[in-house]
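Asks: This is the structure I have questions about; it appears just below.
The values are calculated or read from the model by the stated rules, or taken from the named source; none is laboratory data. This structure is a prediction, so every number in the text was calculated from the model and none was measured. Quick reminder, even Gly has a Cβ in these numbers, built from the backbone with ideal geometry, and neighbours come from all protein chains shown.
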């Protein structure tokens, strides 16, 4: 049985999901039936085909009206800003991969379900009221068939959680300090420019920019036993050059 997925938000994560799927050879098991992205169709096709960091996509990519073709596979393109208006029921969507980085509450997940999706997976952190937050390789055994709204946590959480698990299992953790160094983000400035957070006014490629992070909350969602004992010094960075 083929799992029919829709991707909501076709930024770096959404595009890499498509790349990973086609490069994995599992298209018989998982089919992308729709992509919802506010950008125009030509831009969507171009950024999937050409990636500055990952190189050219090996598959032929073309766009015809509001359809994206990857090889011979046709994917419907949507440009809907409101979750409730998405045609998940019409498209018989099994799983929505929400890769917007914006939506993450149970309310947003429920909106996808009401639109007709059977399940929702956020590619980013969600609220405490989601059915589960899962980091593969650490706690995927907690995932249940009845879970309908799930988060994959953040990229930083996925990096640090396996190490924390090893240390906690072997020795036990009483307290901890984590410094994260993150690559530049799409919302950072290329050159100095105005931003409400004065630290973010500086050019991303020439500055080390300290920012707040919700990593501590992400850790305690996975390791409940560390809820009252883990301490974190907020010294995360966006980029190190």
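Asks: Mind counting the residues in segment 189-215 that are surrounded by fewer than 18 Cβ atoms within 10 Å (Cβ to Cβ) and either part of a strand (DSSP E or B) or at pLDDT below 75 (or both)?
Replies: Number of matching residues: 2.
Asks: If residue 129 passes every condition in (1) in contact with a helix residue (DSSP H, G or I) (Cβ under 7 Å, 6 or more places away or on another chain); (2) modelled with pLDDT of 90 or more; (3) surrounded by 17 or more Cβ atoms within 10 Å (Cβ to Cβ) but one, which one does it miss?
Replies: Looking at each condition in turn, residue 129 falls short on (3).
Asks: Only one of (1) modelled with pLDDT of 95 or more; (2) part of a loop (DSSP other than H, G, I, E, B) is not met by residue 102, so which one is it?
Replies: Of (1) modelled with pLDDT of 95 or more; (2) part of a loop (DSSP other than H, G, I, E, B), only one is false for residue 102: (1).
Asks: Touching a strand residue (DSSP E or B) at 6+ places or on another chain (Cβ under 9 Å) and part of a strand (DSSP E or B) - does that describe any residue in segment 12-30?
Replies: yes
Asks: Go through (1) touching a helix residue (DSSP H, G or I) at 6+ places or on another chain (Cβ under 6 Å); (2) assigned by TED's automatic domain parsing to the domain that holds residue 221; (3) under 23 Å from residue 17 (Cα atoms) and name the single condition residue 195 misses.
Replies: So residue 195 meets the others, but not (3).
Asks: Filter segment 150-171 down to residues that are in a helix (DSSP H, G or I) and either closer than 23 Å to residue 184 by Cα or outside the structural domain of residue 216 (by TED's automatic domain parsing) (or both), then give me how many there are.
Replies: Count: 7.
Asks: Select, from 142, 110, the only residue that is within 29 Å of residue 187 (Cβ to Cβ) and surrounded by fewer than 16 Cβ atoms within 10 Å (Cβ to Cβ).
Replies: Answer to the check: 110.
Asks: Of the numbered conditions (1) over 20 Å from residue 99 (Cα atoms); (2) within 20 Å of the chain's Cα centre (by Cα), residue 16 satisfies every one except a single condition; which is it?
Replies: (1)
Asks: Still on this structure, I have one more. Would you confirm whether any residue within segment 35-42 is part of a loop (DSSP other than H, G, I, E, B) and touching a helix residue (DSSP H, G or I) at 6+ places or on another chain (Cβ under 9 Å)? Even if it seems obvious, please write down each step before you answer.
Replies: First pass over segment 35-42, keeping only residues part of a loop (DSSP other than H, G, I, E, B): 37-40.
Filter once more, so that each one left must be touching a helix residue (DSSP H, G or I) at 6+ places or on another chain (Cβ under 9 Å): 37, 39.
Yes: segment 35-42 contains one or more residues that are part of a loop (DSSP other than H, G, I, E, B) and touching a helix residue (DSSP H, G or I) at 6+ places or on another chain (Cβ under 9 Å).
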